[in-house]
Amino acid sequence: MCMKLKASSLAAVVSVALSTNAWAIEPQFIKLTDSLTFTPTLKVGERYDDNFRAVEEGEKSSWITQIAPSFELGAEGRKSAYKLTYSANTDIFHSSHKDDNTDHHLNADAVLKFDARNQLKLDAGYQQVEDTAVDDRNLTNGQSLENNKYTIANIGGVYTYGAESARAQIDLGADYRELRYQNSDHLNAENEYDTTALRSTFYYRVAPKTRALLEARHSDYDYVTNDRLNSNDIALLGGLTWEATAKTSGSVKIGAEKKRFDDSSVDEQSGSMWEVGVKWKPRTYSTFNLETSRELDEGDDGSSSIQSQSVSLSWEHEWLERLSSDVSYSYADEEYQDIDRDDKIKSFSVALTYEMRRWLDVGVGYIYAEDDSTAIGESYERNIYSVSVIVSL
């Protein structure tokens, strides 16, 4: 048996643990034809996780071996570019082999430039993921702990009208996504949904490298069995985006969001919304990144939605020609609507990467994660220590 996914922040912390070290390698591709290339890479790592179920009591620890190959096919034409990427991630839990699992990720991207004013970007993906079960408090006789097993399928695209140098430009985007669980006895079936998202963004150049923007979004969530959570999201944002102005680049979007449910017994949610991402590069070898956002996420554990507010700060620095570091801190406040629960999630990570060769990286890392929740039994602390090797041709 397993519990529902414990909000998106838990998955984010684990994802950070798996990619603690930035890739400094420069993979060499194999030229299959004049326009088709093949690029393989492989990451092998070992990490120690002292609370891999992320629970408040009864923590389980384990050494975990990671094997993560990836393969990329790329093709380019005069006005087009295509990329097909497959990656797998196998985790072997030495203290709990029943948790061993392999994730699969397949993604396809295409860019079509019809002329200077018309461009289309397309993407499609399929992910088969297994997350470590987070709780076993509700186990009864004859039941066993089971990981969260799910697939995500998506397809989408963005059409852009307007030349890059033009004063005005517009993006029109659409995406479709399906979330399905493969647990036994229809466990987690209430979380399955289809969502269709539409987005339009109007840009107006106010300086050579700065553009003002106005963006409208609409998302429709259709749950397979849990009709109570069927809803429509509407958001309107305005802001600025700039490229390499002085030593900074980034974007700022501020606006409001409203979520309306088909079920009249569920109160609609609304509030302010923002997305900010700023990169500051005071030196060519040192970069600071700041990201912060506020948005409504889908509900969990009986809530209709989650008001999520987060901020993260990272510092990447090249100490020597082959030695670099990455330090980051993140904080998220997740306020569950309709139920009495508020999670404050903090994480800190530090990593060192040594580029032994153009095709070989060696890295070490550490992550500390903490969830201070008002819900009984949902708080946890977690330490992850890792070492990894990344190789390519």
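The values are calculated or read from the model by the stated rules, or taken from the named source; none is laboratory data. Quick caveat: nothing in here was measured; it's all calculated off a predicted structure. Because the Cβ atoms are built from the backbone with ideal geometry, glycine has one as well, and the counts that use them run over all protein chains shown. To get the accessible areas, we keep the full protein, side chains included, count just its heavy atoms, and leave off ligands, DNA and RNA. Shrake-Rupley method; radii C 1.70, N 1.55, O 1.52, S 1.80 Å.
Taking region 246-264 as the range and being open to solvent by 90 Å² or more (accessible area, probe 1.4 Å), modelled with pLDDT under 95 and not charged (D, E, K, R) as the test, the residues that pass are Ala246, Ser264. Taken residue by residue, region 181-190 has at least one member that is under 24 Å from the mean Cα position of the chain (by Cα), assigned to a strand (DSSP E or B) and modelled with pLDDT under 95. What number of residues within region 277-318 are in a loop (DSSP other than H, G, I, E, B) and in contact (Cβ under 8 Å) with a residue 12 or more places away in the chain? Looking only at that region, the number is 7.
Tally the residues that are open to solvent by 20 Å² or more (accessible area, probe 1.4 Å) and either in contact with a helix residue (DSSP H, G or I) (Cβ under 7 Å, 6 or more places away or on another chain) or modelled with pLDDT under 90 (or both), restricting the search to region 14-32.
Number of matching residues: 12.
Could you tell me whether Thr85 is of a type in the set (Val, Ile, Thr), open to solvent by less than 40 Å² (accessible area, probe 1.4 Å), within 18 Å of the chain's Cα centre (by Cα) and at pLDDT 95 or above?
Yes, satisfied.
When region 78-115 is examined, which residues are found to be farther than 30 Å from Tyr161 by Cβ and of a type in the set (Val, Ile, Thr)? Passing the criteria: Thr90, Ile92, Thr102. Can you give me the number of residues within region 289-309 that are in contact with a Phe, Trp or Tyr (Cβ under 6 Å, 6 or more places away or on another chain) and not aliphatic (A, V, I, L, M)? Residues in region 289-309 being in contact with a Phe, Trp or Tyr (Cβ under 6 Å, 6 or more places away or on another chain) and not aliphatic (A, V, I, L, M): 2 in total. Restricting region 329-338 to residues that are under 18 Å from the mean Cα position of the chain (by Cα) and open to solvent by 60 Å² or more (accessible area, probe 1.4 Å), the residue that is farthest from Val266 (Cα to Cα) is Tyr329.
Return yes when Asp326 is buried (at least 19 other Cβ atoms within 10 Å of the Cβ), under 30 Å from Glu268 (Cβ atoms) and in contact with a strand residue (DSSP E or B) (Cβ under 6 Å, 6 or more places away or on another chain) and no when it is not. No. The set of residues in region 225-245 that are open to solvent by 40 Å² or more (accessible area, probe 1.4 Å) and at pLDDT 95 or above comprises Asn232, Ile234, Leu236, Leu240. Taken over region 88-101, residues that are modelled with pLDDT of 95 or more and either in a strand (DSSP E or B) or surrounded by 15 or more Cβ atoms within 10 Å (Cβ to Cβ) (or both) amount to 6. Of the residues that make up region 57-77, is at least one at positive phi and surrounded by fewer than 16 Cβ atoms within 10 Å (Cβ to Cβ)? Looking through region 57-77, at least one residue is at positive phi and surrounded by fewer than 16 Cβ atoms within 10 Å (Cβ to Cβ). For Phe38, are the conditions met, namely being modelled with pLDDT of 90 or more and open to solvent by 20 Å² or more (accessible area, probe 1.4 Å)? Yes; evaluated as a whole, the condition is true for this residue. Every listed requirement among (1) open to solvent by less than 40 Å² (accessible area, probe 1.4 Å); (2) under 22 Å from the mean Cα position of the chain (by Cα); (3) of a type outside the set (S, T, N, Q) is met by Tyr368 save one, (1).
Considering only region 157-172, I want to know if a residue exists there that is in a strand (DSSP E or B), out of contact with any helix residue (DSSP H, G or I) (no Cβ under 7 Å at 6 or more places or on another chain), of a type in the set (Ser, Thr, Tyr) and within 26 Å of Ser304 (Cα to Cα). No: zero hits. Residues in region 104-140 that are among the polar types (S, T, N, Q), modelled with pLDDT of 95 or more and open to solvent by less than 80 Å² (accessible area, probe 1.4 Å): how many? Of the residues in region 104-140, 4 are among the polar types (S, T, N, Q), modelled with pLDDT of 95 or more and open to solvent by less than 80 Å² (accessible area, probe 1.4 Å).
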